[in-house]
Structure formats: structure tokens, C-alpha cells
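Inspection log for the structure reproduced underneath, given as C-alpha cells.
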Amino acid sequence: MQNKIIPVTLLTGYLGAGKTTLLNHVLNNQKGYKVAVIVNDIGEVNIDADLIGKGGVVAQTDDSLVPLQNGCICCTLKVDLMQQIVELAQTGKFDYILIEASGICEPIPIAQTISAIAEDAKSYGLPQICRLDNIVSVVDSLRLATEFGCGSYLEKETDEEDIENLIIQQIEFCNVIVLNKVDEISKEELEQVKAVIRKLQPKAEIIETNYGKVDVSKILDTRSFNLDEVASSAGWIQEMEADEKFEEEHDHEDEDEHGEHDEKGEHHHHHHNHEHGETEEYGISSFVYYRRAPFDRGRFEDFANNFPKSVIRCKGLIWFSNEPSIGYVFEQAGKQVQAFESGEWIASAPKYEQAQLLKENPDIAEDWDPKYGDRMEKLVFIGKDMDKKDIFEKLDKCLNK
């Protein structure tokens with residue numbers, strides 16, 4: 001008997017975006033699938049009474065609806081999630097598993113947890129029982145218009161940092177974006193919202209709808225999820241990669257025009273303005289800030305504490321003059337700003353280790369700076385009506401050359 005591999009769809013989206021409405025729509029139009037539902041917080045769920053009555057398609061009285069409470073499946077309930085998926089698959093009763101994440105869940109850890117089930121089975125020579133088929137992010141178009149598209153920043157919200165950060169993460173990590181409640185905003189606002197989404201997540205399919213009414217084939221059994229591809233699909237990553245390609249194409253031109261190095265030994269091509277990232281739609285644009293010299297920690301912290309309100313998303317690599325061996329990942333989403341260690345630069349390793357590491361990483365060797373090695377400041381900015389010149393000038397004042 002052939003082992004049955006059960007597809008899994010993950011529904012994410014902030015509180016009130018319409019995840020449960022979409023879930024109900026899918027269950028009521030599931031085209032013959034026997035669907036089990038895992039709900040992270042049963043307090044958020046209001047499965048329609050008429051749906052529950054249709055022969056027990058999904059009901060709290062049977063084993064097709066599994067609540068996971070008192071925690072988030074992206075962190076404290078990861079083990080519980082794995083156990084429930086395995087148990088549902090082993091019953092042999094279901095063709096599909098739908099997971100509705102809590103509105104405060106981050107999608108990446110959940111995707112990694114589900115994918116780990118298949119990887120663990122493979123490692124131990126066991127049959128695969130499930131596969132992550134699709135990640136769907138439900139976005140409240142009205143909320144996004146208010147927060148990002150129209151340039152206001154949740155002024156009346158007390159937990160605004162968490163809200164903006166979560167919405168951005170949920171948009172960045174998915175296959176499909178269900179843009180819900182589109183009738184509640186104007187056509188102009190809708191175009192602005194879509195422009196924001198395309199900058200944050202250029203590869204996901206955007207489906208415009210009301211009341212979560214979408215073609216079920218876009219949600220179930222799509223075979224569209226690939227962890228590596230989705231993990232690299234965020235807009236800031238695409239901008240970073242485009243910038244690197246731009247540099248490669250223009251390095252020779254810069255050297256011919258300016259000479260190979262300036263008097264400080266820095267490559268000029270790290271200082272051009274990267275105009276390729278300046279495509280602008282409804283005031284939504286992106287650019288890359290790239291320098292090799294270190295930031296002065298105090299000056300950069302002052303900049304971060306007064307981060308430009310026009311910036312929706314910023315992420316990249318930075319380093320500081322008082323800690324030259326350590327690289328940091330800087331991350332900003334809305335009003336939430338943080339930096340965390342990403343490891344040591346190759347330039348800080350002993351010479352014999354450097355030689356080996358550069359041999360193993362020819363792309364780093366090719367971009368090696370004679371003064372700074374692989375150290376760099378490289379930040380992608382995505383925002384609305386950003387003053388790029390002002391941001392560059394302020395960041396340049398943070399450098400400690």
C-alpha cells in the first residue's frame with residue numbers, strides 16, 4: 001500500500017484580517033476533500049453554525065477540528081503542532097490539513113516546523129506523511145491602506161510596533177496573498193496598497209476579494225510551496241540581490257572613470273547611489289545604502305532611535321567601529337527597530353583561515369576590500385515618499401572613517 005502524503009496549507013494574517021472567513025469559505029467549497037483543521041487559538045475562531053451542521057464537515061465534537069491554545073505555534077506550541085499533524089495523518093481519515101495560525105504568529109517558524117516533519121522522516125528512513133503545500137497570508141486592505149498605503153502610522157494603536165512588524169512578516173513570507181475587504185477602500189487606495197505589497201513581496205500571487213471568497217484551487221493542493229524559494233522572495237532580499245548584480249555590471253565602468261580606489265582605499269562602486277532601485281509607484285520606492293566604513297555605534301543608535309517615518313521596511317548588514325570583528329543584522333518594520341549579531345566577519349579571522357574561507361567563497365573574495373575585507377554596511381530601504389538624499393546624508397554622518 002502506497003504511503004499517503006497529506007498536503008498542508010497554512011493560513012496567516014493579523015487579527016481581523018479575515019482568516020476565519022476564508023477558512024469557512026474553503027471548507028464549504030472543498031470539492032470532496034476530507035479536511036482536518038488545526039486552529040492555534042480557538043478564541044479567534046467562529047466556524048459558521050450552518051457549516052458545522054452539514055454532516056459534521058468540521059465540528060468541535062469530532063477529531064477534525066483541533067484547537068491549540070495557550071501559546072503560539074510559531075514558538076511555545078511547535079512540538080504540539082508537530083504531534084497534531086502526525087496524529088491527524090496517522091488516522092488515515094483526512095486528505096488535507098488546514099492550519100489557521102494565531103494573528104500574532106510569525107509564519108517562518110511554522111513553515112520550518114512543518115517542513116521538519118518531512119525532513120526528520122527522511123533522516124530516519126521513515127515514510128513521508130505530509131508536505132507543506134501552500135502558505136496564504138490574509139491581508140486586511142483597509143488596515144494596510146491606513147497604515148502604509150496612505151502614509152499614516154497607527155497613531156491610535158498602543159501595540160503599533162508589533163502590529164506593523166507582524167503584518168510585514170506575514171506579507172513577506174507566503175505564496176499567496178488574499179487581499180481582503182477591497183470594497184472598503186477606493187480604487188486609488190487599492191492601487192497604493194498593491195504597490196506596497198509588491199515592494200514587500202514581489203513574487204507572491206495577489207488575489208483581491210471580499211469576505212474571503214477565492215477559488216479554492218488557489219488554497220488547496222497547489223503544490224506551490226518551496227521553502228528555499230519563499231525564504232528568498234521578500235522584497236528586501238530581491239533588492240539586495242539586484243544591487244549585487246548592478247555592482248557586478250558597473251564595477252569596471254567605475255574603475256575606468258574614477259580609478260580603482262579613492263585616497264582612503266575604498267572602491268568607488270560601493271558609493272554610487274544605486275539608481276536601479278528607484279522605480280516608484282504611488283510614492284512607494286526602494287533603494288540600497290552601501291558603504292564599507294564602519295558606523296560609530298552612538299551616532300547610528302541616534303539615527304535608529306529617530307528612524308524616518310517614511311520607511312516601511314529596512315533590513316541588511318551593519319558593523320561598528322568599536323566591535324570590528326562582529327557583523328549585525330539590522331531590521332526595521334514600521335516603528336520596530338532592532339539589531340542582532342550575525343557572526344564574525346571573515347576579515348577578523350586569522351590569515352590562514354581567511355585564505356581557506358575565501359577559497360570556499362569566491363563571491364566574497366571577488367568583493368574583498370583591501371582595507372575592510374568583507375565588512376560592509378548594506379541596508380535595503382522600502383518606503384513611501386522617502387527622502388533618499390536625506391537618509392544617505394544622515395547615515396554617512398554615522399560613519400567612522
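The values are calculated or read from the model by the stated rules, or taken from the named source; none is laboratory data. It should be emphasised that the depicted structure is a prediction, and the values quoted were computed from it without experimental measurement. Because the Cβ atoms are built from the backbone with ideal geometry, glycine has one as well, and the counts that use them run over all protein chains shown. Remember, those area values only see protein heavy atoms, side chains included, never the ligands or the DNA or RNA. Shrake-Rupley method; radii C 1.70, N 1.55, O 1.52, S 1.80 Å.
Can you tell me which residues in the stretch 359-401 are buried (at least 19 other Cβ atoms within 10 Å of the Cβ) and of a type in the set (A, V, I, L, M)? Listed by number, the residues that qualify are M376, L379, V380, I382, M386, I391, L395.
Any chance you could count how many residues in the stretch 211-240 are at negative phi and either in contact with a Gly (Cβ under 9 Å, 6 or more places away or on another chain) or hydrophobic (A, V, I, L, M, F, W, C) (or both)? Count: 13. Filtering the stretch 88-140 to residues that are among the polar types (S, T, N, Q) and in contact (Cβ under 8 Å) with a residue 60 or more places away in the chain leaves S102, Q112, S115, Q128, N134, S137. Residues that are at pLDDT below 90 and hydrophobic (A, V, I, L, M, F, W, C) within the stretch 227-246 comprise M240, A242, F246, listed in sequence order.
All of (1) open to solvent by 20 Å² or more (accessible area, probe 1.4 Å); (2) under 20 Å from the mean Cα position of the chain (by Cα); (3) at pLDDT below 95 hold for I167 with one exception: (1). R223 meets all of the listed conditions (1) among the basic types (K, R); (2) under 21 Å from the mean Cα position of the chain (by Cα); (3) surrounded by 14 or more Cβ atoms within 10 Å (Cβ to Cβ) but one, namely (3).
Of the set (1) more than 28 Å from G334 (Cβ to Cβ); (2) within 22 Å of the chain's Cα centre (by Cα), all apply to I99 but (1). A Cβ distance below 9 Å, combined with a sequence gap of six or more or placement on separate chains, defines the contacts here; from the stretch 376-401, residues that are within 14 Å of K199 (Cβ to Cβ) reach residues that are small (G, A, S) and assigned to a helix (DSSP H, G or I) in the pairs V380/G235; V380/G277; F381/G277; I382/G235; K384/G149; K384/A195. When K187, K194, K199 are checked against the criterion of being under 19 Å from the mean Cα position of the chain (by Cα), open to solvent by 20 Å² or more (accessible area, probe 1.4 Å) and without any contact (Cβ under 8 Å) to a residue 24 or more places away in the chain, K194 stands alone in meeting it. Taken together, the criteria place G277 among residues that are at pLDDT below 90, closer than 25 Å to S310 by Cβ, touching a Ser or Thr at 6+ places or on another chain (Cβ under 8 Å) and open to solvent by less than 20 Å² (accessible area, probe 1.4 Å).
As a summary of the residue check, V337 satisfies the conditions (1) among the hydrophobic types (A, V, I, L, M, F, W, C); (2) open to solvent by 40 Å² or more (accessible area, probe 1.4 Å); (3) out of contact with any Phe, Trp or Tyr (no Cβ under 9 Å at 6 or more places or on another chain) except for the one numbered (3). Taking the numbered list (1) modelled with pLDDT under 95; (2) under 27 Å from T146 (Cβ atoms); (3) open to solvent by 50 Å² or more (accessible area, probe 1.4 Å) in turn, E205 passes all entries but (1).
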